[in-house]
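A quick write-up on the structure given underneath.
The values are calculated or read from the model by the stated rules, or taken from the named source; none is laboratory data. Fair warning: this is a prediction, and the values are worked out from it, not measured in the lab. Using ideal geometry, Cβ is built from the backbone for each residue, glycine included, and neighbour counts are taken over all protein chains shown.
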Amino acid sequence: MKKEPLFIRNCVISVCALGILGGTGAMTLIRHFPEIQEEISDAAVRHEDLAKKMTAVIEKSDEVWNSHLAFRKYFSALDSNMKYYLTGDFASNQVFLGKEDWLFYKTTTDGDPIADYKGEEQYSEEEMQRTVWNMRHFQQILKKKGIEFAIFIAPNKEEVYSKYLPDTIQKVNEKNRTDLLVEYLREMTDIPVIYPKKELCEAAQTEMLYYKNDTHWNQKGAFIGTQVLLEQVYGKKKRDLSDQEFRKIQLERKDPNYNDLSRMVGMDGKFYDEESYEIIPEKKDKKIEESVFLIGDSFGVSFLPCLQAEFEEVTYCHRDSQNMGLLEQKKPDLVILEYVERYTGEMDEFVWDNVRFVSIG
């Protein structure tokens with residue numbers, strides 16, 4: 001009997017040691033080791049209660065761990081860095097490492113870009129009908145004000161740079177739900193739907209259009225998207241990247257505006273983009289003499305300067321702001337509703353100025 005507490009103690013120490021290598025939860029166990037010791041002492045006397053007592057201690061450790069966000073982030077970053085330097089990879093619920101150290105987003109709570117790429121899930125007929133109804137309704141509201149309307153969908157990075165995805169990630173269906181939704185919108189409405197997937201995938205073979213360590217496109221990617229929009233909405237001939245001058249800019253290593261993927265895993269010291277591009281507007285008097293109101297998400301940040309290079313006036317408003325007053329004030333000629341691909345599932349519930357347009361059934 002005397003050897004039992006020592007054996008249990010050694011087991012716990014071993015579990016903690018393994019935990020340091022395999023997961024950050026062990027750090028909390030170490031922090032509360034006196035409590036664990038007390039529980040083990042009791043367990044030596046009443047061996048039949050050991051499982052219950054250890055479970056309670058672990059639950060308490062988890063509670064403390066989850067209540068200290070900064071503490072958790074620090075050790076999560078430590079865990080990611082240790083695993084990377086020991087194994088060449090790291091484990092994360094949000095980010096994974098692709099070929100040539102490209103980072104990709106594997107969230108399932110902020111869209112699902114990997115499922116989008118694989119084509120695993122499709123929108124139902126009802127979901128696509130709701131989206132059509134919603135977009136038509138917004139179009140009608142704008143039309144009454146003399147405003148044209150276009151939809152712009154920016155492809156996920158995982159689609160454009162799929163050549164850097166691990167070989168374990170393969171397409172299930174060649175057409176994914178965004179492809180089918182775009183086809184459906186074009187068939188059922190007269191709204192211009194711009195989805196520059198083909199153009200971006202082709203240019204990505206030789207150009208850096210998205211950030212290696214971030215979810216977003218850069219201004220070169222946005223330029224290509226802008227050219228597709230101009231062709232589809234205004235009938236203008238697309239210009240190639242080689243026809244446009246860009247300024248190369250150096251990025252700060254810890255710039256909070258970039259490297260969102262590496263920051264998610266606390267590895268922005270290892271994985272970071274060193275440069276980006278800024279469009280240099282041409283000195284020309286041939287801008288389209290119209291005003292544009294861009295309603296979008298974070299992809300609008302790079303989209304905006306490319307639109308400004310083509311139109312007399314451009315206003316950007318995030319979708320979440322729902323600011324119809326600003327739209328009324330600007331009185332634009334064209335409204336562009338932009339979604340990055342992983343958010344297209346939200347199009348059937350688009351809300352503007354606190355008015356929910358969906359009304360089906």
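Within the range 181-196, the residues that satisfy the criterion of being surrounded by 14 or more Cβ atoms within 10 Å (Cβ to Cβ) and under 17 Å from Val233 (Cβ atoms) are Val182, Leu185, Arg186, Thr189, Ile191, Pro192, Val193, Ile194, Tyr195, Pro196.
Of all residues in the range 209-244, those that are among the acidic types (Asp, Glu) and buried (at least 22 other Cβ atoms within 10 Å of the Cβ) total 1. When the range 319-340 is filtered for residues that are closer than 17 Å to Lys236 by Cβ and surrounded by fewer than 20 Cβ atoms within 10 Å (Cβ to Cβ), only Asp333 remains.
The residue that is modelled with the highest pLDDT, among those in the range 256-296 that are hydrophobic (A, V, I, L, M, F, W, C) and part of a loop (DSSP other than H, G, I, E, B), is Ile280. What about Arg253, is it outside any loop (DSSP other than H, G, I, E, B) and farther than 25 Å from Met347 by Cα? No; evaluated as a whole, the condition is false for this residue.
Here is a yes/no grid of residues against (1) out of contact with any helix residue (DSSP H, G or I) (no Cβ under 6 Å at 6 or more places or on another chain); (2) of a type outside the set (Gly, Ala, Ser); (3) modelled with pLDDT of 95 or more:
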residue	(1), (2), (3)
Phe104	no, yes, yes
Pro113	no, yes, yes
Tyr117	no, yes, yes
Ser124	yes, no, yes
Val132	no, yes, yes
Lys163	yes, yes, yes
Lys171	no, yes, yes
Asn176	no, yes, yes
Leu180	yes, yes, yes
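Inspection of the range 257-274 identifies no residue that is touching a strand residue (DSSP E or B) at 6+ places or on another chain (Cβ under 6 Å) and over 29 Å from Asn176 (Cβ atoms). Among the residues that make up the range 311-320, is at least one of them touching a residue at least 60 places away in the same chain (Cβ under 8 Å) and basic (Lys, Arg)? No, the range 311-320 contains no residue that is touching a residue at least 60 places away in the same chain (Cβ under 8 Å) and basic (Lys, Arg). Tell me whether the range 246-259 contains one or more residues that are in contact (Cβ under 8 Å) with a residue 40 or more places away in the chain and surrounded by 15 or more Cβ atoms within 10 Å (Cβ to Cβ). Yes: one or more hits. If I filter the range 136-145 for residues that are closer than 15 Å to Leu181 by Cα, more than 17 Å from the chain's Cα centre (by Cα) and assigned by TED's automatic domain parsing to the domain that holds Gly296, do I get at least one hit? Checked against the condition, which is being closer than 15 Å to Leu181 by Cα, more than 17 Å from the chain's Cα centre (by Cα) and assigned by TED's automatic domain parsing to the domain that holds Gly296, the range 136-145 yields at least one hit.
For the range 302-361, the candidate set comprises residues that are more than 15 Å from Glu290 (Cα to Cα), outside any helix (DSSP H, G or I) and at pLDDT 95 or above; within that set, the residue that is nearest to the chain's Cα centre (by Cα) is Val340. Examine the range 306-318 for a residue that is assigned by TED's automatic domain parsing to the domain that holds Ser124, surrounded by 22 or more Cβ atoms within 10 Å (Cβ to Cβ) and within 20 Å of Gln94 (Cβ to Cβ), and state whether such a residue exists. For the range 306-318, residues assigned by TED's automatic domain parsing to the domain that holds Ser124, surrounded by 22 or more Cβ atoms within 10 Å (Cβ to Cβ) and within 20 Å of Gln94 (Cβ to Cβ): absent. Filtered by the rule that a residue be surrounded by fewer than 19 Cβ atoms within 10 Å (Cβ to Cβ) and not charged (D, E, K, R), the range 167-180 gives Thr168, Ile169, Gln170, Val172, Asn173, Leu180.
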